[in-house]
Every structure is written in structure tokens, then in C-alpha cells.
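S.K.: This is the structure I want to talk about, given as C-alpha cells.
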Amino acid sequence: MTPPDWWRTAVVYEVYPRSFRDADGDGAGDLEGVRAGLPYLESLGVDAIWFTPWYVSPLADGGYDVQDYRRIDPVFGTLEQAEALIAEARERGIRTIIDVVPNHVSDRHPWFVEALASPPGSEARQRFWFHPGKGPGGAEPPTHWKNNFGGDVWTRTTNADGSPGEWYLHLFAAEQPDLNWTHPDVVREHEDILRFWFDRGVAGIRIDSAAHIMKDPALPEDDGTHAPGAHPNLDRDEVHDIYRRWRAVADSYDEPRILVGEVWLPDAERFARYLAADEMHTAFNFDLMTRAWDAAELRASIDLMIAAHEPVGAPCTWVLSNHDVTRPVTRYGRVDTSFDFDTKAWGVPTDEVLGLRRARAAALLIAALPGSLYVYQGDELGLPEVEDLDRSELQDPMYFRTGGASPGRDGCRVPLPWSGDEQPFGFSPSGTKTWLTQPDGWRALSVEAQEADPDSTLNLYRACLGIRRNEPDLHTAAMSWLDRGPSVLAFRRGPVVSLTNFGAEPVELDPAWSVFLASDPLVDGLVPADTTVWARPA
Ligand code: TEU
């Protein structure tokens with residue numbers, strides 16, 4: 001059953017196009033590869049695909065450095081292929097959500113190329129944040145704000161005569177100059193981009209780094225004392241004016257287009273402001289990803305999110321992972337739980353058998369919660385983070401900007417294994433070297449291998465999403481917690497009960513319940529450790 005506001009309970013599958021499937025044999029995924037994978041996604045039971053950026057890009061940050069929004073990068077295909085893909089997916093009941101990256105563009109975007117070639121103070125530089133440095137000769141950057149990838153947020157330019165020039169701002173890599181959102185060209189251009197893609201049948205947009213776009217023009221230091229809404233570069237009150245304009249564009253279509261925000265904010269109340277009725281439809285719930293595998297932690301996170309969403313009437317989203325974070329199998333299998341979620345670290349021990357059990361249990365737990373659900377490609381195969389990629393292969397700017405202190409995010413972006421006994425496991429035509437090397441052991445994790453195994457993680461996801469789709473109570477019924485002790489999370493949605501055992505001891509079920517899905521088999525009728533079951537009255 002799909003309710004009219006499909007996005008309120010949708011299952012959205014994140015495709016990282018470079019790593020989904022490679023049809024043309026260059027070692028990187030492409031749109032024809034996604035097209036070939038549509039039957040797979042249909043059988044998985046997803047309602048929409050979110051594509052991370054597919055536009056023309058030097059790929060300095062995996063496509064989050066956009067050079068031309070109106071063309072597809074040749075690595076991925078053509079605009080005609082994108083249009084065909086959007087239409088074919090829709091025929092299979094799968095909507096398309098694309099990524100829009102408003103905070104910055106590529107340093108090869110025509111606007112930035114023009115700005116660099118223009119003198120200080122010129123009109124072309126007003127679309128970005130160019131500024132003279134401080135101190136003698138302007139040798140000090142204008143501020144010392146924190147870069148999201150590590151290192152500085154300002155890079156110095158060189159004047160036409162070779163002398164040192166102004167600095168420009170980049171909250172991410174130096175190849176990603178920040179746009180000035182007080183400039184009317186920037187505002188107008190993005191609304192045109194939205195229409196360009198909405199006119200081509202795109203059902204919604206995922207808004208990258210949505211809370212970052214506005215900056216305090218006075219460029220104060222970030223001393224941690226700013227009032228809410230007045231931070232120099234994060235969650236400034238003016239950001240909402242932009243998203244209200246975008247919502248008006250989205251609502252101007254007969255079939256409304258949806259806005260999904262990437263809004264990373266520690267304060268749930270500030271986060272919920274983005275979900276006002278005239279702004280975004282939903283935003284990612286990242287809080288859940290930062291929590292350890294612990295009943296009290298996860299319950300606190302779920303309660304926090306439900307409480308933040310209820311007053312604004314927006315659905316929660318449930319997100320276990322994405323292309324920026326360590327895969328759940330590895331994260332939940334950490335033996336050292338002091339692991340730094342944000343920066344990652346090298347060589348933290350992990351128990352992948354335990355991690356997989358927990359990741360499967362987590363998948364069922366969040367799929368039973370009210371709201372929409374995100375699945376990052378490969379999580380349905382139980383792929384672990386690849387932590388031993390050869391350093392010479394690493395491409396993520398986070399690795400380079402931390403001077404190698406962090407491995408960066410490539411380990412969760414390794415090409416998917418589809419079939420066969422050896423690399424590239426059907427990702428590319430055989431004999432192709434993939435852009436990141438897949439581990440030898442991925443034969444057992446391939447789609448082909450898992451389809452043949454009734455207990456595989458892939459078949460668990462298929463069963464889970466299939467039940468979710470056909471179970472009206474999992475769309476509409478309110479949720480209420482059941483008290484089953486400190487190491488159990490159990491809740492009810494109508495007659496359906498979801499129970500997760502976080503403790504070491506097996507848990508008994510109410511004799512009146514009959515289990516219809518379990519993340520791992522029951523043992524002597526009991527729910528073993530690190531297992532979720534779905535049950536209903538017998
Ligand atoms: O991520 C924004 C963001 O805040 C993350 O970069 C986060 O700080 C980092 O990954 C730490 O784990 C978005 C995209 O999802 C990411 O892939 C891009 O690199 C980034 O924006 C810049 O566009």
C-alpha cells in the first residue's frame with residue numbers, strides 16, 4: 001500500500017553511481033549500469049533512488065564539486081541516458097531523487113574560472129567569498145574557521161602579475177569554493193537548476209550541506225559564543241528564506257516535488273526548523289548513526305527524533321549509513337567503542353561476524369519505525385567497510401586534507417559485488433580493474449551468491465521491505481514502546497511488534513505472539529543476543 005504522500009513512508013535507496021555497476025568497462029559505475037540494476041532494485045522493494053551527484057565534475061570530491069549542473073559527467077553517461085533512466089525507473093514504480101549541492105561549486109565551474117581571472121573587487125568575484133588577508137601583506141587568512149575535511153577554509157589566490165592575492169573561502173576542499181548566497185545570480189541560478197531537473201521528471205532533491213550556505217559577511221571568528229541562528233557559517237537564520245523559495249518551486253508542479261535536507265545539527269530543535277510546512281519535506285536523521293549499539297542509546301535517539309518531528313508534522317527518516325560514514329557491519333562490530341565517528345581512524349579492531357548480526361538486527365529495528373527509510377547501496381548485502389585499501393588507491397579529500405590521519409570515506413564506496421568468483425565480481429565486464437579494488441572475500445557477498453542463500457542479508461532485506469510495503473500498520477499506525485527491561489527495545493505499531501535483544505541473555509517472547517520475521521534464527525523459541533524479531537498476535 002502506498003499512501004498519497006508517498007515520501008512519508010518511502011524506502012529510498014542511495015545510489016553512489018561510481019560504485020553501483022559499470023556497463024561500459026572503464027572501472028567506474030555509470031547510468032547504463034544503474035539501468036541494468038533496476039530489476040534488482042524493484043525486487044528489493046524500494047520506492048525511490050537517491051543518486052549522489054551525476055553532473056559534470058572533476059570528481060575532486062566524488063562529484064560534490066559540480067562543474068556543470070545541466071550535463072551528466074561522461075564517466076556516468078549522457079543527459080539522454082539520465083532522462084531514459086528516470087522514465088524507466090518510474091515505470092517500475094521507482095521515483096528519482098537527485099543531489100543538489102548549493103554550498104559550493106567546482107573550482108572549474110565557469111563562474112569560479114571567471115572570478116579567478118578577474119581582479120579583486122570585480123563583479124565576478126562577488127558570487128564567491130573572496131577577501132583580503134589579515135596582517136602584514138595580507139598573509140594571514142581572514143578567519144580560522146574549521147574545515148569539514150580538515151585543514152584551512154581559505155586558500156590564497158595569485159594576482160595576474162604573480163603577486164599573492166586575495167583569499168577565497170571553502171568549508172570543504174579547496175576545489176570546492178563556497179558560493180555567496182546573498183548574490184542574486186546564485187539564488188536565481190539554483191531555482192533554474194531545480195526546474196531543469198523537475199521538468200525532466202525528477203521527483204525530489206537531496207540538499208547537500210543544507211545548513212552551511214549562509215555566512216556572516218562580517219567574517220567573525222567562531223569563538224563558540226554565537227547565539228542560535230547567528231553562527232558565522234552554520235545554521236544561520238537566513239538559510240530558511242532560500243528553502244522556502246525552493247519549496248515554492250517544488251510545489252508549483254502538479255505532482256509536488258520533495259526536498260530532503262542534509263542538515264547535520266546537534267540541536268534537534270534547530271534541526272526541526274528546516275521541516276516547517278513551507279520548507280523541506282524531510283531531513284536525514286543522523287543522530288541515530290552516531291549512537292553505539294546499546295538499547296538505552298538507541299531508544300534515546302529514537303525518542304529525540306520523534307519528539308523533534310511531531311510538532312512540525314514531518315515524518316522521521318531512519319538512516320543507518322551513507323557514502324560518508326563507516327559501514328554499519330564494521331561500526332557495530334567495533335571492539336574499541338571509543339572510535340571517532342566523525343574523523344574515522346586507522347586500524348580499530350572490528351568483529352565482522354558480530355557486526356553483521358547487529359547490522360541485520362538494526363535494519364529490522366529501523367524498518368519498523370514510523371517514517372521513511374534510507375538504504376545505502378551495499379548495506380542490503382551486509383558489506384563491511386574496506387579498511388585495508390592500498391593507500392595509493394585512496395581518493396577522498398578527507399584522507400589528503402588530514403595528512404593521512406584519517407583513511408577518509410573510500411572504504412564505504414568500494415564497487416558492489418554482483419556475481420562471479422573473482423574481481424570485479426560482475427561490477428564491470430570481466431578483466432576490468434575497478435576504481436577501488438574489491439576484497440577477495442566479496443565473492444560470498446555478491447548478489448548472485450546471496451540470492452541462492454535463503455538466510456542471506458539480501459533475502460532478509462527483501463523480506464523486510466516486502467512486508468513493510470504490504471503492511472498498512474507499518475505505514476499508518478502510531479508507535480508505542482513496550483517495557484521489556486533495560487537490554488531490550490520493543491515497540492508496537494498496531495498489532496505488529498518489533499523486539500530487539502541487545503543483551504547477552506536470550507529473551508522470551510509473549511506466548512501470544514507469533515514471529516513472522518527474524519534477523520537471525522530463534523534458538524529454542526528464544527530471541528538470542530543481537531537479534532530483532534517482528535511478531536503479531538498468533
Ligand atoms: O556532506 C556534508 C558533511 O557534513 C560531511 O562532509 C561530513 O562532515 C563528513 O562526511 C564527515 O563524515 C556532504 C556530502 O554527503 C559529502 O559526501 C560531501 O563530501 C560534502 O557534503 C561536501 O559536498
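S.K.: For the structure I just gave you, tell me whether Asp324 is at negative phi, assigned to a loop (DSSP other than H, G, I, E, B) and within 15 Å of the ligand (Cβ to nearest atom).
M.R.: yes
S.K.: Quick test of your reading of the structure: Phe271 fulfils all but one of (1) in contact with a Leu (Cβ under 8 Å, 6 or more places away or on another chain); (2) over 30 Å from Leu445 (Cβ atoms); (3) at pLDDT below 95; (4) not basic (Lys, Arg). Name the failing condition by number.
M.R.: Here Phe271 meets the rest and fails (3).
S.K.: Name, by its number, the condition in (1) within 16 Å of the ligand (Cβ to nearest atom); (2) closer than 14 Å to Val15 by Cβ; (3) not hydrophobic (A, V, I, L, M, F, W, C) that does not hold for Glu42.
M.R.: Of (1) within 16 Å of the ligand (Cβ to nearest atom); (2) closer than 14 Å to Val15 by Cβ; (3) not hydrophobic (A, V, I, L, M, F, W, C), only one is false for Glu42: (1).
S.K.: Can you pull out the residues in segment 260-281 that are within 16 Å of the ligand (Cβ to nearest atom) and within 18 Å of Ala203 (Cα to Cα)?
M.R.: Val260, Gly261, Glu262, Met280
S.K.: How many residues, within segment 40-70, are β-branched (Val, Ile, Thr) and farther than 17 Å from Arg95 by Cβ?
M.R.: The number of residues fulfilling the criteria is 2.
S.K.: What are the residues in segment 99-109 that are in a strand (DSSP E or B) and either surrounded by fewer than 22 Cβ atoms within 10 Å (Cβ to Cβ) or of a type in the set (A, V, I, L, M, F, W, C) (or both), if any?
M.R.: Answer for segment 99-109, where residues must be in a strand (DSSP E or B) and either surrounded by fewer than 22 Cβ atoms within 10 Å (Cβ to Cβ) or of a type in the set (A, V, I, L, M, F, W, C) (or both): Asp99, Val100.
S.K.: Considering (1) within 16 Å of the ligand (Cβ to nearest atom); (2) under 25 Å from Phe284 (Cα atoms); (3) modelled with pLDDT of 95 or more; (4) assigned to a loop (DSSP other than H, G, I, E, B), say which one Gly150 fails and leave the rest.
M.R.: Going through the list (1) within 16 Å of the ligand (Cβ to nearest atom); (2) under 25 Å from Phe284 (Cα atoms); (3) modelled with pLDDT of 95 or more; (4) assigned to a loop (DSSP other than H, G, I, E, B), Gly150 breaks only (3).
S.K.: Turning to a different aspect of this structure: Please give the number of the condition Thr434 fails out of (1) hydroxyl-bearing (Ser, Thr, Tyr); (2) part of a strand (DSSP E or B); (3) in contact (Cβ under 8 Å) with a residue 24 or more places away in the chain.
M.R.: Of the numbered conditions (1) hydroxyl-bearing (Ser, Thr, Tyr); (2) part of a strand (DSSP E or B); (3) in contact (Cβ under 8 Å) with a residue 24 or more places away in the chain, the odd one out for Thr434 is (2).
S.K.: Name every residue in segment 201-230 that is part of a loop (DSSP other than H, G, I, E, B), within 16 Å of the ligand (Cβ to nearest atom) and surrounded by 17 or more Cβ atoms within 10 Å (Cβ to Cβ), in order of residue number.
M.R.: Asp208, Ser209, Ile213, Met214, Lys215
S.K.: Could you identify the single residue in Thr531, Thr500 that is in contact with a strand residue (DSSP E or B) (Cβ under 6 Å, 6 or more places away or on another chain), under 26 Å from Ala307 (Cβ atoms) and of a type outside the set (A, V, I, L, M, F, W, C)?
M.R.: Exactly one of Thr531, Thr500 is in contact with a strand residue (DSSP E or B) (Cβ under 6 Å, 6 or more places away or on another chain), under 26 Å from Ala307 (Cβ atoms) and of a type outside the set (A, V, I, L, M, F, W, C), namely Thr500.
S.K.: Give Leu259, Leu288, Leu265 a once-over and let me know the one that is assigned by TED's automatic domain parsing to the domain that holds Trp318, in a helix (DSSP H, G or I) and crowded, with 18+ Cβ neighbours inside 10 Å.
M.R.: Only one candidate passes the filter, namely Leu288.
S.K.: Hey, among Ala115, Ala139, which residue is modelled with pLDDT of 95 or more and surrounded by fewer than 18 Cβ atoms within 10 Å (Cβ to Cβ)?
M.R.: None of the other options fit; the residue is Ala139.
S.K.: May I pose another question? Residue under question is Arg331, and the condition is that it be basic (Lys, Arg) and farther than 24 Å from Glu14 by Cβ; does it hold?
M.R.: Here the answer is no, as Arg331 does not meet what is asked.
S.K.: Keeping to segment 437-470, report how many residues are hydroxyl-bearing (Ser, Thr, Tyr) and outside any helix (DSSP H, G or I).
M.R.: The total comes to 3.
S.K.: Right, next: Give me the pairs: first residue in segment 62-75 and within 14 Å of Asp26 (Cβ to Cβ), second residue within 15 Å of the ligand (Cβ to nearest atom), beta-carbon distance under 8 Å, and six or more apart or on different chains, which are they?
M.R.: Asp73/Trp54; Asp73/Tyr55; Asp73/Ser57; Asp73/Leu59; Asp73/Gly63; Val75/Arg18; Val75/Leu59
S.K.: Considering Val386, Val348, which residue is in a loop (DSSP other than H, G, I, E, B), surrounded by 17 or more Cβ atoms within 10 Å (Cβ to Cβ) and within 16 Å of the ligand (Cβ to nearest atom)?
M.R.: Val348
S.K.: Just one of (1) touching a strand residue (DSSP E or B) at 6+ places or on another chain (Cβ under 7 Å); (2) more than 16 Å from the ligand (Cβ to nearest atom); (3) not β-branched (Val, Ile, Thr) trips up Asp192, so point out which.
M.R.: It is condition (1) that Asp192 fails.
S.K.: Output the residues belonging to segment 398-425 that are touching a residue at least 40 places away in the same chain (Cβ under 8 Å), more than 17 Å from the chain's Cα centre (by Cα) and over 22 Å from Asp22 (Cβ atoms).
M.R.: Arg401, Thr402, Gly403, Ala405, Ser406, Pro407
S.K.: Can you find a residue that is in the same structural domain as Pro53 (by TED's automatic domain parsing) and within 16 Å of the ligand (Cβ to nearest atom) anywhere in segment 352-362?
M.R.: Within segment 352-362, none of the residues are in the same structural domain as Pro53 (by TED's automatic domain parsing) and within 16 Å of the ligand (Cβ to nearest atom).
S.K.: Of the residues Val533, Val497, Val507, Val488, which single one is crowded, with 19+ Cβ neighbours inside 10 Å, in contact with a helix residue (DSSP H, G or I) (Cβ under 9 Å, 6 or more places away or on another chain) and more than 28 Å from Arg35 (Cα to Cα)?
M.R.: Of the residues listed, the single one that is crowded, with 19+ Cβ neighbours inside 10 Å, in contact with a helix residue (DSSP H, G or I) (Cβ under 9 Å, 6 or more places away or on another chain) and more than 28 Å from Arg35 (Cα to Cα) is Val533.
S.K.: Quick check, is Ala248 part of a helix (DSSP H, G or I) and closer than 30 Å to Glu83 by Cβ?
M.R.: Spelling it out, Ala248 is indeed part of a helix (DSSP H, G or I) and closer than 30 Å to Glu83 by Cβ.
S.K.: Turning to a different aspect of this structure: Hey, Asn233 hits all of (1) more than 21 Å from the chain's Cα centre (by Cα); (2) surrounded by 14 or more Cβ atoms within 10 Å (Cβ to Cβ); (3) not in a loop (DSSP other than H, G, I, E, B) but one; which does it fall short on?
M.R.: All conditions pass for Asn233, except number (3).
The values are calculated or read from the model by the stated rules, or taken from the named source; none is laboratory data. Only a predicted model underlies this, so the values are computations on that prediction, with no experimental measurement involved. Using ideal geometry, Cβ is built from the backbone for each residue, glycine included, and neighbour counts are taken over all protein chains shown.
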